[in-house]
Amino acid sequence: MATVKVSEAEKVYILHGIRDDLRVDGRSCEDYRHMEVETDVVSNTDGSARVSLGHTAVLVGIKAEIGKPRPLVPDEGYLEFFVDCSANATPEFEGRGGEELGIELSNTLYRVFNNKSSVDLQSLCISAGEHCWVLYVDVLLLQCDGNLYDAISVAIKAALFNTKIPRVHVSSDEEGGKEVELSDDPFDCVRLNVESVPCIVTLCKVGHRHVVDATLQEKACSVASLIIAVTHRGTVTCAKKVGGGSLDPESVFEMTEAGKRVGKALHAPLMKLLQQEESLGKKRQKVGFLG
């Protein structure tokens, strides 16, 4: 992940500010930076979204393809994740520099989103044991200024909201086999219910306190971080500790409670924004990821 070098004097300044609940950019410990969300930005996908969080920018595209259900869950579809760390985001991603981070992000996203409590996977089933929808989620990191997990999770939720899956008609042929026909009407499609799709909240332990949406400078002062996936009801679906330092049980409990509080508050305005944007239809002004 992208890193910056911070002098001892800067560390002391950042630590003292966080101790007094006043960060360098004026935010309190549980405030996010300015966030911009835009959907339907890539034309050759079934759903897409762009999210910028401070100077972190993420682009997500989703393609729906018909595949075969997994043997252990024959009545469910599934999601596949691929994260591409663009060299434009930071020079550290040049060559194969971002490959390890991309794999780590993909594995975490799979744990967070590819389960019944996050996405209605049964709605992706076409015919049990034979056909299902597979959603290929491609994530592109355009700019990196800290807090990748949170920005990516918001972009994925927005892209899933924007995803339109063609309606499928299953019929039997003369030999008893099943034939799958896709609707030719671009407006005859199925939308996913994304209400329960979680958002990730990353909390960084800095000194004796923890902060939400840490910048790269604050990340450099952090000993460890806790990544929490939270639904709109405040339910934690996944938790992961990252970083070389340790977290005592009391800190883990406090960070979890803060993550639940912040994550729950994030869902309502996000869904309201997505619904407002969709209601504008063709009237809305598109910015795009090059804007």
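Here are some notes:
- Only one residue of 172, 109, 220 has its Cα farthest out toward the positive end of the dipole of the chain, where Lys and Arg carry +1 and Asp and Glu -1 on Cβ, and that residue is 220.
- A simple count of charges around residue 111, restricted to other residues whose Cβ falls under 15 Å of its Cβ and scoring Lys, Arg +1 and Asp, Glu -1, yields +1.
- Summed side-chain charge close to residue 83 - residues other than residue 83 whose Cβ falls under 9 Å, Lys, Arg +1, Asp, Glu -1: -3
- Diffusion constant of region 43-123 at 10 °C, which comes from Stokes-Einstein with the Kirkwood Cα-pair radius and 1.306 mPa s, µm²/s: 107 µm²/s
- Residue 240-residue 9 pseudo-label distance in nm [points 7 Å out on the Cα-to-Cβ vector]: 3.8 nm
- Between region 230-258 and region 119-170, the alpha-carbon center distance in angstrom: 25 Å
- For the chain, averaging the sequence separation of C-alpha pairs within contact (under 8 Å, six or more residues apart) and dividing by the residue count gives a relative contact order of 20 percent.
- Altogether, the Stokes-Einstein calculation at 4 °C and 1.567 mPa s, with the Kirkwood radius of region 1-149 over Cα pairs as Rh, returns a diffusion coefficient of 73 µm²/s.
- DSSP H segments from the chain that extend 15 Å or more along their own axis, Cα-based, with Kyte-Doolittle mean of 0.5 or above: 148-162
- Label-to-label distance, nm, for residues given as residue 276 and residue 123 (7 Å Cα→Cβ offset): 2.4 nm
- Among 47, 234, 146, the largest mean-square fluctuation in a Gaussian network model of the chain, built with springs joining Cα atoms closer than 10 Å, belongs to 234.
- Per DSSP, loop GluC sites (Glu not before Pro) in region 1-109 with at most 14 further Cβ within 10 Å: 94
- Loop-resident sites, region 78-185, for trypsin sites (Lys or Arg not before Pro), counting at most 15 other Cβ within 10 Å (DSSP): 96, 116, 167
- Eligible lysines near residue 116 by straight Cα distance, threshold 17 Å, same-chain separation 8 or greater: 157
- Along region 56-67 the Karplus relation, 6.51 cos²θ - 1.76 cosθ + 1.60 evaluated at θ = phi - 60°, assigns HN-Hα couplings of 8, 10, 9, 10, 10, x, 10, 10, 9, 10, 7, x Hz to successive residues, with x for each Gly and Pro.
- Cross-link partners for residue 219 among the lysines, with Cα-Cα distance under 24 Å and sequence neighbours closer than 8 places in the same chain left out: 5, 11, 205, 240, 241, 260, 264.
- 14 Å tail of the calculated P(r), region 185-258, as % of Cα pairs: 63 percent
- Formal net charge of residues neighbouring residue 142 (Cβ-Cβ distance under 12 Å; K, R +1; D, E -1): -1
- Positive dipole terminus of region 34-166, leading residue within 127, 162, 137 (C-beta point charges): 127
- Estimated 222 nm signal from helices in the chain, with DSSP H stretches of n ≥ 4 weighted -39500 (n - 2.57), rounded to 500: -9000 deg cm²/dmol
- Kirkwood hydrodynamic radius (C-alpha pairs) into Stokes-Einstein, the chain, 20 °C and 1.002 mPa s, D in µm²/s: 106 µm²/s
A short reminder: the numbers here are calculations on the coordinates, not readings from a lab. No experiment lies behind these values; they were computed from the predicted model shown. We place every Cβ from the backbone using ideal geometry, glycine too, and count neighbours over all the protein chains shown.
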